[in-house]
Every structure is written in C-alpha cells, then in structure tokens.
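Down below is the structure, laid out as structure tokens.
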Amino acid sequence: MRKKDTFYYIYLSDALIKKNVRSGIGDVKLTPGVIKILDYLGHHENVIQKDISDRFREEPASITSALKYMESRGLVRREEHPKDNRAKSISLTEEGERVNETVEGLYRGIEEKGLGDFTQEEIRTLNAFLARICKNLEEPS
C-alpha cells in the first residue's frame with residue numbers, strides 16, 4: 001500500500017460521513033462547516049468567535065459567514081460576554097439545540113456503522129494515528 005492510498009481513504013471516509021449526514025438531516029440545509037460549529041457550541045459555554053476559529057483552524061471570515069447564516073436560521077444567538085465586554089458570547093438557541101441533537105444522533109449512528117466491526121483497541125489505535133497525522137500536518141515544514 002502506498003502512502004497516497006492512506007490519504008485517499010481518509011478523504012473518502014470524510015466524504016462518506018458528510019454524505020450520510022446530509023441524507024439523514026433532510027430539509028435542514030446545513031453545510032459541514034455549520035454542523036461542526038453546532039457540535040462545538042453544543043459542548044461549550046461562553047464561546048467567542050475566536051474560540052471557534054482556533055478550534056477548527058479556520059479563517060475568522062469563514063466563521064463569521066457561517067455564524068451569520070446560523071443566526072439568520074435561528075440556530076445561534078449572540079449576547080454580551082460575561083467576562084469580556086468587547087466580545088460576544090455565541091450560544092445555541094432552542095432550535096439550534098434541537099438540530100444539534102438530530103445531528104449528534106446521526107453521527108452516533110454513522111460512527112457505530114463505520115466502526116462496528118472494530119475492537120476497542122483498534123479504535124484507540126486508529127484515533128492515535130489520526131491524532132498524530134493532525135499533529136504532523138500542523139507543524140511547520
């Protein structure tokens with residue numbers, strides 16, 4: 001097996017996960033970028049835009065665009081941050097929480113299907129390898 005094949009399978013896995021999520025969501029028009037922000041907001045409080053940008057290594061302009069879309073769809077709200085007057089705290093609305101629960105259920109099902117015949121040890125090993133790939137790619141060349 002060539003190294004190139006490894007990244008092909010990583011890319012293909014990502015594409016198939018996204019395809020399964022899109023087909024499971026139905027009429028809710030969400031991009032993969034919006035979905036990952038929903039998930040992040042569902043697990044964190046007092047989030048500011050920079051937190052999201054840093055977490056996903058995305059340009060602030062991309063996050064701004066996604067948040068504006070999410071706000072227009074009633075999925076998020078911006079309020080005064082409790083500790084930083086210059087920043088806005090971003091959180092899920094009730095609708096955002098509902099959609100996020102749907103997406104989380106889809107991800108659990110996709111994960112169970114995709115990793116169904118893996119042992120716990122294989123999953124730990126896979127996670128360690130993927131984390132190492134991310135670390136290697138983040139380091140400057």
Residues of region 102-132 that turn out to be surrounded by 13 or more Cβ atoms within 10 Å (Cβ to Cβ) and either in a loop (DSSP other than H, G, I, E, B) or not hydroxyl-bearing (Ser, Thr, Tyr) (or both), as a count:
7
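Yes/no matrix, rows are residues, columns are (1) among the basic types (Lys, Arg); (2) surrounded by 15 or more Cβ atoms within 10 Å (Cβ to Cβ); (3) under 28 Å from ALA131 (Cβ atoms):
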residue: SER13; (1), (2), (3): no, no, yes
residue: LYS18; (1), (2), (3): yes, no, yes
residue: ASP54; (1), (2), (3): no, no, yes
residue: PRO82; (1), (2), (3): no, no, no
residue: SER89; (1), (2), (3): no, yes, no
Being closer than 15 Å to ILE17 by Cα, under 20 Å from the mean Cα position of the chain (by Cα) and not aromatic (Phe, Trp, Tyr) is the filter here; which residues of region 103-128 pass it?
VAL103, GLU104, GLY105, LEU106, ARG108, GLY109, ILE110, GLU111, GLU112, LYS113, GLY114, LEU115
In region 88-102, residue nearest to SER23 (Cα to Cα) [restricted to those that are among the aliphatic types (A, V, I, L, M) and over 14 Å from the mean Cα position of the chain (by Cα)]
LEU92
Against the condition free of Cβ contacts under 8 Å to residues at least 24 places away in the same chain, in contact with a helix residue (DSSP H, G or I) (Cβ under 7 Å, 6 or more places away or on another chain) and exposed (fewer than 14 other Cβ atoms within 10 Å of the Cβ), how does PRO140 come out, does it pass?
no
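Readers should treat all values here as calculations from the given coordinates under stated rules, not as data from a laboratory. Bear in mind the structure is a predicted one, so any value in this text is a computation, not a measurement. Please note: Cβ atoms are built from the backbone with ideal geometry, for glycine as well, and neighbour counts cover all protein chains shown.
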